[in-house]
Amino acid sequence: MATKILVVEDEEILLTALTEELKQSGFEVVGAKDGVEGVEKAASEKPELILLDLVMPRLDGIGALKEIKAKPETKDIPVVILTNLSDYDKISDALSLGAMDYLVKANYRLEDLVNKIKTVIERKQSGSQAPQPPVV
Amino acid sequence: MSLDNPVQIFLPLAIYTMIVFVFIWVENRRIKDRLRVKEGEMTRRMYEVSILKELGERIGYSLNVQKIVDVITGSLRQLISYSTVSYLLLSDEGRVIFHCVMEESVNHRFIEEIKNRLVTALSALINREIKTESVDESISGTITDESNRGRIKSFFNIPIVINNQPVGILNVASTKEGLYKEEEMTILYTIMAQASSAVSKLENILTQEKGKLNSMVASMADGVFMVDTRNRLLVINPAAKDMLGISKPQPSIFDVLDAVASKLDLRTKIEESIKNDRLTVEEQLPMNNLVLRVLISPVKDNENKALGAVVLFHDITKEKAIEKMREDFTSMMVHELRSPLTGIRSIANLLREEKIKNEQAKYQEFVDLIVTNSASMLDLVNDLLDVAKLEAGKFQVMKKSTDLTNVIKLRVTSFQSLAAESNLEIESNIQPDLPVMNLDENKIGQVINNLLSNAIKFTPKGKIVVSGFIAKNGQDLAGKVAEFGLIWPGLKPDVRLDEDAAIVAVTDTGIGIPESQIGKLFNKFTQLEQTAASEKKGTGLGLVISKGIVEAHGGKITVVSEEGKGTTFYFSLPLENPNIEYRNPKQIQKTEIQ
């Protein structure tokens with residue numbers, strides 16, 4: 001069975017692109033277009049990994065992450081933050097809230113993304129810690 | 001009676017002559033006595049004057065009461081004879097000073113006795129007990145002579161009063177009896193009174209000057225305090241207390257140092273500044289909700305001797321906020337451009353694959369995504385460019401004679417279908433006297449476009465009313481609005497125009513805007529930030545640009561709103577020459593038809 005990934009991203013074109021790319025790489029993909037929908041789908045779809053955007057309407061990435069980590073049924077799902085380079089403060093916040101890793105959207109390459117997803121899932125299974133945020 | 005007897009004639013004459021002589025002699029003596037008295041008085045007066053002159057010269061503009069009293073006691077021997085002259089004085093530092101000048105050697109009990117009498121007298125005068133042991137004592141003049149058994153036989157006291165406040169007592173004492181009469185007392189009293197009046201005047205002037213300085217310091221927006229070289233707080237203004245969160249009315253230096261202790265070792269900074277005689281600047285001190293810049297500057301007297309330091313707190317919270325807004329704006333702009341661009345690149349990559357070309361629906365969806373996203377990016381870039389032009393003052397409007405009614409109607413028509421999609425209705429309420437005027441048709445159209453698209457976005461149900469009318473200089477806008485049957489939620493009475501203008505307004509029945517947000521609407525920094533976190537698409541810069549366009553036409557754009565009831569954006573376009581009746585296109589047509 002394919003690994004199920006939840007992509008939470010408000011930019012429609014990016015959500016479509018990520019969904020398609022990940023599907024082609026052999027993942028099963030569920031999309032959510034804001035934080036509220038992301039939190040709901042995290043619980044209902046039980047994905048093995050969540051790709052979470054930070055700047056979103058209704059409920060932003062940090063808010064969504066807090067809710068995901070607060071619910072017993074979703075708190076163990078590894079979360080990878082989708083972000084732009086300028087969000088360093090928020091990346092730090094997210095990592096301290098329990099996000100496993102982050103991905104800079106602007107120049108991601110599909111192979112990197114797929115590798116990252118695989119690594120995070122492996123790391124989660126072996127139970128090691130999140131990396132430190134980069135030094136600005 | 002015979003007049004031949006010479007004795008009879010001579011005797012009365014002799015008696016008369018005697019009487020005259022006696023009278024002249026007595027009178028002469030009387031005049032001489034009076035002269036002597038006058039002379040004595042004159043000498044005293046001269047003496048008083050010379051002492052006062054000497055006082056004036058030696059005191060200069062001194063405010064040091066002790067110095068003045070010393071001068072007086074030092075010159076007194078030429079005027080009055082005494083064994084000792086002494087004073088008891090309250091000093092500025094709160095000490096009590098006793099000083100005795102011995103003209104003749106007396107024993108120490110004599111001096112002790114004077115001191116005790118003065119302490120008792122001054123205590124009574126200032127209504128506060130002075131303890132003998134708290135008195136600083138000094139003696140000058142000749143040396144004490146314990147063999148002299150002379151006791152105080154005559155003495156008198158003169159109070160030393162500055163600004164109606166008793167500050168000390170002057171005492172003249174002698175071992176001789178019955179020495180001092182009213183005369184001596186008057187002399188000393190006069191001298192003392194003149195000296196105190198001079199000091200009082202000088203002190204008043206100084207207090208006034210100090211008051212000016214104090215009120216200047218007190219009214220400063222910057223926080224200021226001053227310390228001396230021993231780190232004692234000399235003065236602190238209310239702004240400094242507010243900034244540091246000190247509520248005590250009379251704080252000490254420790255209250256000040258404690259307030260910043262967790263962020264700044266102010267004491268060391270002050271000491272270093274004084275030691276190195278250099279202005280020290282602490283660029284950022286976060287304090288409660290404020291960011292402060294701290295400037296520590298050493299203070300020196302005329303002789304270049306260090307007196308202490310002045311510490312100034314300058315509130316740079318706003319500057320920092322603007323700096324942060326600028327940074328945020330840049331990162332938001334990058335975010336807004338980068339996200340769709342990343343998506344476009346990924347989608348374009350996907351389109352290159354052979355497989356996708358067979359999935360017609362998906363292929364079409366991807367192409368559409370690229371089209372709409374690149375279009376919205378272009379909008380944003382255009383808007384950013386417009387804003388940049390506005391800020392650089394290079395935004396140009398091409399005015400030409402235009403029928404404002406047509407401009408409005410055209411915009412309303414083009415938005416009808418979009419409004420219908422949201423189940424909204426757009427009504428027009430355009431008064432027939434709206435003129436043909438000089439304006440940039442495209443740019444004013446862009447403003448109306450922007451107001452209409454905002455109104456549609458933020459109105460879940462109800463309707464949108466576009467109105468146009470003329471308001472004259474000084475007319476109450478609320479009255480005009482009512483006159484044309486319009487309802488603008490949140491419009492307060494007594495909003496008056498300062499010139500004749502055409503008013504164009506877009507009113508919705510939407511969610512309304514909280515008062516705290518209204519100020520942010522026309523600010524590019526806050527707008528883009530709002531947009532990114534909002535599900536409503538658009539650059540958010542429309543209002544910023546609209547404001548620029550309206551202002552380029554000499555008008556103003558304003559918003560009135562009531563939460564839950566709706567919002568009205570209206571802008572004014574000034575009528576160039578209020579004395580001219582504006583050509584009304586409809587009237588002209590009518591005339592022509594007639």
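The values are calculated or read from the model by the stated rules, or taken from the named source; none is laboratory data. Small disclaimer: the values here were computed from a predicted structure and weren't measured. As a convention, Cβ positions derive from the backbone with ideal geometry for all residues, glycine included, and neighbour counts pool all protein chains shown.
Structure data summary
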item: B:Val256 being out of contact with any Pro (no Cβ under 8 Å at 6 or more places or on another chain), modelled with pLDDT of 90 or more and within 28 Å of B:Lys305 (Cβ to Cβ); result: yes
item: B:Ile72 being over 22 Å from B:Thr190 (Cα atoms) and either hydroxyl-bearing (Ser, Thr, Tyr) or surrounded by 16 or more Cβ atoms within 10 Å (Cβ to Cβ) (or both); result: no
item: Whichever residue in the range B:163-192 is at pLDDT 85 or above and among the aliphatic types (A, V, I, L, M) and, among such residues, is farthest from the chain's Cα centre (by Cα); result: B:Ala173
item: Index of the failed condition, B:Asn373 passing every other in (1) away from chain A (no Cβ under 12 Å); (2) touching a residue at least 12 places away in the same chain (Cβ under 8 Å); (3) not aliphatic (A, V, I, L, M); result: (1)
item: Selection count, the range B:130-156, where residues are of a type outside the set (Asp, Glu), free of Cβ contacts under 8 Å to residues at least 40 places away in the same chain and under 24 Å from B:Tyr82 (Cα atoms); result: 3
item: Output for the range B:356-368, where each listed residue is out of contact with any helix residue (DSSP H, G or I) (no Cβ under 7 Å at 6 or more places or on another chain), more than 8 Å from chain A (Cβ to nearest Cβ) and part of a helix (DSSP H, G or I); result: B:Gln360, B:Ala361, B:Gln364, B:Val367, B:Asp368
item: Test: residue in the range A:76-84 that is farther than 30 Å from B:Leu351 by Cβ and touching a Lys or Arg at 6+ places or on another chain (Cβ under 7 Å); result: yes
item: Verdict on B:Ile158 being surrounded by fewer than 16 Cβ atoms within 10 Å (Cβ to Cβ) and hydrophobic (A, V, I, L, M, F, W, C); result: no
item: Residue selected from the range B:332-346 under the condition crowded, with 21+ Cβ neighbours inside 10 Å and in contact (Cβ under 8 Å) with a residue 24 or more places away in the chain, by the criterion nearest to A:Tyr108 (Cα to Cα); result: B:Gly343
item: Subset tally (residues that are assigned to a helix (DSSP H, G or I), out of contact with any helix residue (DSSP H, G or I) (no Cβ under 9 Å at 6 or more places or on another chain) and closer than 18 Å to B:Val85 by Cβ) for the range B:102-129; result: 11
item: Qualifying residue in the range B:524-537 (condition: modelled with pLDDT of 60 or more, closer than 18 Å to B:Val466 by Cβ and surrounded by 15 or more Cβ atoms within 10 Å (Cβ to Cβ)); result: no
item: Matching residues in the range A:97-108 - criterion: being without any contact (Cβ under 8 Å) to a residue 40 or more places away in the chain and at the interface with chain B (Cβ under 10 Å from one of its Cβ atoms); result: A:Val104, A:Ala106, A:Asn107, A:Tyr108
item: Of residues in the range B:432-456 being of a type in the set (D, E, K, R) and crowded, with 17+ Cβ neighbours inside 10 Å, the one farthest from the chain's Cα centre (by Cα); result: B:Glu441
item: Scan of the range B:385-407 for residues that are acidic (Asp, Glu) and either surrounded by fewer than 18 Cβ atoms within 10 Å (Cβ to Cβ) or farther than 13 Å from B:Lys443 by Cβ (or both), ordered by number; result: B:Glu391, B:Asp403
item: Residue selected from the range A:59-80 under the condition within 14 Å of chain B (Cβ to nearest Cβ) and of a type in the set (A, V, I, L, M, F, W, C), by the criterion surrounded by the most Cβ atoms within 10 Å (Cβ to Cβ); result: A:Ala64
item: Meets criteria (in contact (Cβ under 8 Å) with a residue 12 or more places away in the chain, touching a strand residue (DSSP E or B) at 6+ places or on another chain (Cβ under 9 Å), part of a strand (DSSP E or B) and under 30 Å from B:Ser83 (Cβ atoms)) for B:Ala195; result: no
item: Residue match in the range B:281-292 (condition: part of a loop (DSSP other than H, G, I, E, B) and either surrounded by 16 or more Cβ atoms within 10 Å (Cβ to Cβ) or out of contact with any helix residue (DSSP H, G or I) (no Cβ under 6 Å at 6 or more places or on another chain) (or both)); result: yes
item: Some residue of the range B:415-425 being within 14 Å of chain A (Cβ to nearest Cβ), at pLDDT 85 or above, more than 46 Å from the chain's Cα centre (by Cα) and buried (at least 17 other Cβ atoms within 10 Å of the Cβ); result: no
item: Count - residues of the range A:1-47 that are of a type in the set (Asp, Glu), away from chain B (no Cβ under 11 Å) and surrounded by 20 or more Cβ atoms within 10 Å (Cβ to Cβ); result: 0
item: The range B:380-400 - residue that is out of contact with any Leu (no Cβ under 9 Å at 6 or more places or on another chain) and of a type in the set (D, E, K, R) and, of those, farthest from the other protein chains (Cβ to nearest Cβ); result: B:Lys394
item: Lone unmet requirement of (1) touching a residue at least 24 places away in the same chain (Cβ under 8 Å); (2) in contact with a helix residue (DSSP H, G or I) (Cβ under 8 Å, 6 or more places away or on another chain); (3) within 12 Å of another protein chain (Cβ to nearest Cβ) for A:Tyr88; result: (2)
item: Filter result (within 9 Å of chain A (Cβ to nearest Cβ) and not in a helix (DSSP H, G or I)) within the range B:331-355; result: B:Glu353
item: Residues of the range B:137-172 satisfying the condition of being in contact with a His (Cβ under 8 Å, 6 or more places away or on another chain) and among the polar types (S, T, N, Q); result: B:Ser138, B:Ser140, B:Thr144
item: The listed residue being within 18 Å of B:Ile344 (Cα to Cα), in contact with a Ser or Thr (Cβ under 8 Å, 6 or more places away or on another chain) and in contact (Cβ under 8 Å) with a residue 40 or more places away in the chain, out of A:Glu48, A:Glu21; result: A:Glu21
item: Qualifying residue in the range B:499-506 (condition: of a type in the set (Gly, Ala, Ser), modelled with pLDDT of 90 or more, buried (at least 20 other Cβ atoms within 10 Å of the Cβ) and under 18 Å from B:Ala419 (Cβ atoms)); result: yes
item: Cβ pairs under 7 Å, 6+ apart, first in the range B:413-435 and farther than 30 Å from B:Asp500 by Cβ, second among the basic types (Lys, Arg); result: B:Asn423/B:Lys461; B:Leu424/B:Lys463; B:Glu425/B:Lys463
item: Boolean, B:Asn304 is in contact (Cβ under 8 Å) with a residue 12 or more places away in the chain and at positive phi; result: no
item: Every residue from the range A:10-30 that is within 23 Å of A:Pro57 (Cβ to Cβ), at pLDDT 90 or above and not in a helix (DSSP H, G or I); result: A:Val29, A:Val30
